[in-house]
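Below is one structure; the comments refer to it alone.
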Amino acid sequence: MEAFEKFVALLDYPVFVVTAAAEGERAGCLVGFAGQCSIDPPRFVVWLSKANHTYGVACRAGVLAVHLLPRDHHLAELFGGTTGDEVDKFREVPWSAGPDGVPVLADVPGWFAGRVLDHADWGDHTGFLLAPVAARVPGAADPVLRFGDVDDIDAGHPA
């Protein structure tokens, strides 16, 4: 296991904010485990911690939104360092309602919304399989926030 931990420590994936809405409740969290998993048909999977407030909302949602983050830490600190159990994160940032009412954050390098096709339990995280239904990349590709950029944020919930 020590060698595996050293292996994953070398990786530096992008991080995302995933948002959800269900039954009048909004939620969002910082996500480090996500990726494209099929080209045709296009599919993406995000893994949400079962300990996270967003997990419960996502389990009831039909659509999730996945946001790339700008290099500054503001959104990462808000969505990764606080919990929706105590804070309405959406009071702190501009956003609009996307497909099926999912919150879409403004001022991000890009986002997509995906219909939840399935979810599967994979340990302390659950994978949500998404089929893209809408996306936006506003301009030229800006550098995005990566895992190594946020290792100093104390999580709002333990994994």
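Placing pseudo-labels 7 Å out from each Cα toward the beta carbon at M1 and R91 gives an inter-label distance of 4.1 nm.
In units of the compact-protein estimate 2.2 N^0.38 Å, the stretch 71-126 shows a Cα radius of gyration of 1.33.
For q = 0.17, 0.20, 0.26, 0.28 Å⁻¹, what log10 I(q)/I(0) does the stretch 1-55 give under the Debye formula with an equal point scatterer on each alpha carbon and no solvent? Relative scattering, expressed as log10 I(q)/I(0), comes to -0.73, -0.89, -1.06, -1.09. Extending 7 Å from Cα along the Cβ direction at D118 and again at R136 yields two label points whose distance is 3.1 nm.
Separation of the stretch 88-123 and the stretch 1-76 by C-alpha centroid, Å? Their Cα centres are 10 Å away from one another. Note on the stretch 1-94: semi-axes of the ellipsoid equivalent to its C-alpha gyration tensor, largest first and rounded to whole Å, are 23, 18, 14.
Using Cβ point charges alone (K and R +1, D and E -1), the dipole size of the chain about the Cα centre works out to roughly 540 debye. With the charge dipole of the chain set up from +1 on Lys and Arg Cβ and -1 on Asp and Glu Cβ about the Cα centre, the Cα lying farthest toward the positive end among the listed residues V46, A3, G80 is that of V46. Tell me the label only: which of (1) 25, 19, 16; (2) 48, 21, 12; (3) 21, 18, 18 is semi-axes √(5λ) of the Cα gyration tensor in Å as calculated from this structure? This structure yields the entry labelled (3).
Coordinate-derived values only; no laboratory data. Computed from a prediction, not measured in an experiment: that's the story for all the values here. All Cβ positions, even for glycine, are placed from backbone atoms using ideal geometry, and neighbour counts span all protein chains on display.
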